[in-house]
Amino acid sequence: MKFRVEHDALADVVAWVARALPSRPVVPVLAGLRLEAGEGLTLSCFDYDLAATARVAADVAEPGTALVPGRLLAEITRSLPGQPAEFTADGDVVSLTCGSAEFALVSLPLADYPELPPTPPVAGTIDGGKLAAAVAQVLPAASRDDTLPMLTAVCVDIRGESLTLAATDRYRLAVRELQWEPAHPGLRAIALVPARTLADAARTMAPGEPVPVAFTPGDEPAGERDPHPVEGMISFECRGRRLTGRLIGGEFIRYQSRFPDRYGCRAEVPAAPFIEAVRRVSLVADRASPVRLTFGQDQVVVEAQTEGRARAAEAVAASFEGDEPAIAFNPHYLLDGLTAAAAGSGLARQPADTPAPAAATAAIRLEFTSPAKPALITLAGEGGEGPGGEDGEAGPAAGPPFRYLVVPLRSPTRA
């Protein structure tokens, strides 16, 4: 095997594939990254649960395949000078030369490496930018508690041309609905995708690039209301990169029934000023301290305190209707919901912890019934009262395209 590849393309693709390598491989060979030189260069890895495959242009002099230590190769390519890299395999040693830098890697036994899983049939396609944005909105709500594996997944709920992502850790529930193009009309399926798999897949997606979503649908009739989650593997592909992950078994919560039909209180606040106020005020809150929202005449007072150490308060313009003017939340849960709602309008394309510059024109709607019952965060003007969704498209189901339900905390008596 002998090939030559541009440095920047190599470093980028190796870093992406290496993210799928297991941190604690069951057997040493699973820590390997497979290099296959033929019509270009194909890099891949597989640990029986997650497979990553990427293709990059390369000048191949001698076709061949080798298995090298993956994380070591990622560290090496990240530190190489900005010059073309040349790989040569001789026996069980793979040599890498880039400029004046030379490395020799002892290859792993290729015969012991598992075969990559076959790609499942394509269930439908969706715009990569829209799917990546939706994933970013719901991902913070996914649980990190491995004792309940089904809650560490993002539920992908498909009803014909509607695709819904839902995630929960029992304290908040994030739901995003969007349109897609199913391979078969009337497709009905539910898949529980590990949150990490979906997050890694979203990194490859770009606006305007169609992303095939591939999995094997279940055997339930198309009209089945609540089909069982499908089993096996799911695959996402975009721009020459494919991520295939094993689905999680078990039943997801009936998330649609968690949203009340109506609320007794409704507030609307400008998105950017409110997010910034919550972020500033929450600096004085410790892990057990809530952020308290008190609604008054044309404003909301955001305040938090750590007993005996600090207190902060800030007022933001707001409109309010209802008879319960105060409610309190975990500051991190509240910020996750606010930034996700602002991002969902199409005004924001920033990381989840950064409000969009254009979000100053958007408003957040907060609805609740009492300080002890879950509150709903949405983007004002989406769904319900009129057309909503990204670029003005209507949500696939009744209500706003993005909904974030969060359990409030008991607010301490103010000093």
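The values are calculated or read from the model by the stated rules, or taken from the named source; none is laboratory data. Since the model is a prediction, treat every value here as computed from it, not as a measurement. No Cβ is skipped: glycine too gets one built from the backbone with ideal geometry, and neighbour counts run over all protein chains shown. The area values use the complete protein model at the heavy-atom level, side chains included, leaving out ligands, DNA and RNA. Shrake-Rupley method; radii C 1.70, N 1.55, O 1.52, S 1.80 Å.
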**OP:** For the range 125-131, take each phi angle, set θ = phi - 60°, evaluate the Karplus expression 6.51 cos²θ - 1.76 cosθ + 1.60, and give the result in whole Hz per residue in order, putting x for glycine and proline.
**Re:** 10, 8, 5, x, x, 5, 5
Original post:
HN-Hα J couplings of the range 198-212 from phi, Karplus 6.51/-1.76/1.60, θ = phi - 60°, integer Hz, Gly and Pro as x?
Top reply: 5, 5, 5, 5, 5, 5, 8, 8, 9, x, x, 9, x, 10, x
Original post:
Counting Lys and Arg as +1 and Asp and Glu as -1, what is the net charge of the other residues whose Cβ lies under 9 Å from the Cβ of residue 96?
Top reply: -2
Subject >> Note, ³J(HN,Hα) from phi for the range 228-235, Karplus 6.51, -1.76, 1.60, rounded to Hz, x at Gly and Pro >> reply: 6, x, 6, 10, x, 10, 10, 9
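Ordering 228, 7 by accessible area with a probe of 1.4 Å, largest first, what comes out?
Values: 228 115, 7 25 Å².
Putting 228, 7 in descending order of accessible area: 228, 7.
Can you tell me the relative contact order of the chain? Whole percent, Cα pairs under 8 Å, sequence separation 6 or more. Don't skip to the end; give the middle numbers.
Numbers: 1013 pairs, mean separation 51.2, N = 415.
Relative contact order for the chain comes out at 12 percent.
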Original post:
So what's the chain giving for Rg/Rh, alpha carbon basis, Kirkwood Rh from the mean inverse pair distance?
Top reply: 1.04
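Which length gain, in nm to one decimal place, applies between residue 119 and residue 373 when the Cα-Cα distance is subtracted from 0.36 nm times their residue separation? Write down the numbers at each step before the final one.
Values: separation 254, 0.36 × 254 = 91.44 nm, distance 4.41 nm.
Between residue 119 and residue 373, full extension yields an extra 87.0 nm.
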Original post:
In terms of modelled amide H atoms, which long-range or inter-chain residues lie less than 5 Å from the amide H of residue 58?
Top reply: 40, 41
Original post:
Tell me, what is the 1.4 Å probe accessible area of residue 90, in Å² to the nearest 10?
Top reply: 120
Subject >> For residue 299, residues with placed amide H under 5 Å, excluding near neighbours >> reply: 318
Original post:
Taking the alpha-carbon centroid of each part, what is the distance from the range 80-108 to the range 273-321 in angstrom?
Top reply: 56
Subject >> Bins of 5 Å, starting at 0 and running to the largest distance - Cα pair percent for the range 233-304 >> reply: 3, 10, 12, 11, 10, 12, 10, 14, 12, 5, 1, 0
